[in-house]
1. Might you check whether a residue that is farther than 17 Å from G61 by Cα and open to solvent by less than 10 Å² (accessible area, probe 1.4 Å) occurs anywhere in region 175-182?
2. Considering only region 11-33, state which residues are over 21 Å from I120 (Cα atoms), open to solvent by less than 40 Å² (accessible area, probe 1.4 Å) and either over 21 Å from the mean Cα position of the chain (by Cα) or modelled with pLDDT under 85 (or both).
3. Looking at R398, R358, R376, which is the one that is among the charged types (D, E, K, R), out of contact with any Asp or Glu (no Cβ under 9 Å at 6 or more places or on another chain) and assigned to a strand (DSSP E or B)?
4. Inside region 225-238, can you point out the residues that are open to solvent by 10 Å² or more (accessible area, probe 1.4 Å) and within 13 Å of the ligand (Cβ to nearest atom)?
5. I'm checking my understanding of the structure. Among residues of region 105-146 that are at pLDDT 95 or above, hydrophobic (A, V, I, L, M, F, W, C) and in contact with a strand residue (DSSP E or B) (Cβ under 6 Å, 6 or more places away or on another chain), which one is farthest from F29 (Cα to Cα)?
6. Name the single residue that is nearest to the ligand (Cβ to nearest atom) among those in region 352-369 being buried (at least 24 other Cβ atoms within 10 Å of the Cβ) and of a type in the set (A, V, I, L, M).
7. Going by the conditions given, is E82 open to solvent by 30 Å² or more (accessible area, probe 1.4 Å) and farther than 21 Å from H201 by Cβ?
8. Which of the residues belonging to region 269-286 are surrounded by 17 or more Cβ atoms within 10 Å (Cβ to Cβ) and not small (G, A, S)?
Amino acid sequence: MPEYSDNPLRDPQDRRLPRIAGPCVLVIFGVTGDLSRKKLMPAVYDLANRGMLPPGFGLVGFARRDWKNQDFAQVVHDAVKENSRTPFREEVWEQLLEGIRFVPGTFDSDESFSKLKETITELDEARGTGGNHAFYLSIPPSSFELVVSQLKKHGLTKRDEGGWNRVVIEKPFGHDLESAKELNDVVSSLFEPHEVFRIDHYLGKETVQNMLALRFANQMFEPIWNNHYVSHVQITMAEDIGIGGRAGYYDGIGAARDVIQNHLLQLLALTAMEEPTSFEASQLRTEKQKVLAAAHVPGNLSETTARGQYCAGWQGAEQVKGYLEADGVDPGSTTETYAAIRVDVDNRRWAGVPFYLRAAKRMPRRVTEVALSFKRAPHLPFTATDTEELGTNALVMRIQPDEGVTLRFGAKVPGTQMEIREVSMDFAYGGSFTESSPEAYERLILDVMLGDAPLFPQQQEVELSWKILDPVLEHWASLDEQPQSYESGTWGPQSAWDMLARDGFAWRRP
Ligand code: BG6
């Protein structure tokens, strides 16, 4: 869709200009879920507040609740007040409110889908949406088939003249390669590839997009971004929280399926890929796919992977229960809450450079980062004691929460002696920009409405990621034993530390 065609004064090449969505209806299935309350509804409001939603916008909630429009509006209102990023403004809310509707029902009810059709048609007319509809499936994948077939049956996927229909799906995109393909068959039986938007919310994060800016807008990093200089890469996604009330989703899924298959492998792809010809979706995907196709977990999987499960411990000053004691978790569960894998990328740039990926709950702190560690200088014209405190040079892209970039290198300690110690040079968003970063979901929902695809993984990337992970999951399943336990509030199981030690490295403690 030509985003700027409505305004002849805008230069379509100028990507600094704010992008504003055209008129449309956003239908959210699963509107009573956590994601909707914490992220989706607040993001819609934040977009409205920033003037990025058109007046002709409608929001429809669909769920099994006996609600009227005003009840749902109250739910949205509360979610916005509680979780939106930008301040609450009555006039913005009033305008949003005019387009809010609710359709009660179950996914198998024809009556409810007829009502949904009526509601959307009414909104199309009342709000002049031009027949543009986005269907956001914030529901378990097991319900995708039913919902998608109901949309079809009730004429909600027809492409009217000038209008579009898009479907937005949340991970998990399957639980292995085979199920990912099956899921895709369901969705693609009704929607064309360009109408399917798979959300990996990490790609909507400002700091993740900045990885492209850092790598491809600068001259100084590229020459060292390869196996001549980099010794290894560590990609960490550590969370201090446990699984909270999400046992129903998490148990049986685990850390590798939950976030390595998607967020962490996407971070790896952005770190390792070649420069795309442009930031067009197709170009970006081509480069990411090339890297993922070249990546695999090498060797003996007992040595190149590690998994753990948290037991009781301390999270700061709070004493917390172990995973197996959490409500809803099977007491004999072998689900991992810590997963680490080594990934090798078999191409000229990266041969010999291990990428270590780890994701875990109940770590000492919340931090996501991509750290490139560099080789030692080939010769040090110092005595051994001069450089005792010189670590390895590192470039760390701090994705969250302390967003920025750190460069670590050695410097002379002031004084008449010669002593070299590790120091940091820091870029922090807060210190350099006055603009605050939008939430990932703001960016991604806006992109769905604009039909802008670069930040959404395609099916092929999903399948390539499962190809990397499936052997690991099969290996773990074949062990038929509990993952190694680690105390809550510590940096994971011993086996993960051993895994790096065998290669002569140690995990960072960010
Ligand atoms: C989700 C995972 O994709 O990402 C959750 O399902 C995880 O388990 C969450 O907690 C973390 O997101 P963020 O943006 O807080 O890093």
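The values are calculated or read from the model by the stated rules, or taken from the named source; none is laboratory data. The structure displayed is predicted, hence computed values, not measured ones. So basically every Cβ, Gly included, is an ideal-geometry build from the backbone, and we count neighbours across all protein chains shown. Each accessible area value is taken on the protein alone, full model and side chains, heavy atoms only, with ligands, DNA and RNA left out. Shrake-Rupley method; radii C 1.70, N 1.55, O 1.52, S 1.80 Å.
1. There is at least one residue in region 175-182 that is farther than 17 Å from G61 by Cα and open to solvent by less than 10 Å² (accessible area, probe 1.4 Å).
2. D14, R19, listed by residue number.
3. Among R398, R358, R376, only R358 is among the charged types (D, E, K, R), out of contact with any Asp or Glu (no Cβ under 9 Å at 6 or more places or on another chain) and assigned to a strand (DSSP E or B).
4. The answer is M237, and nothing else.
5. Only one residue fits best here, namely L123.
6. Step by step, filter region 352-369, then rank; the result is A359.
7. no
8. L270, T271, M273, P276, L284, R285
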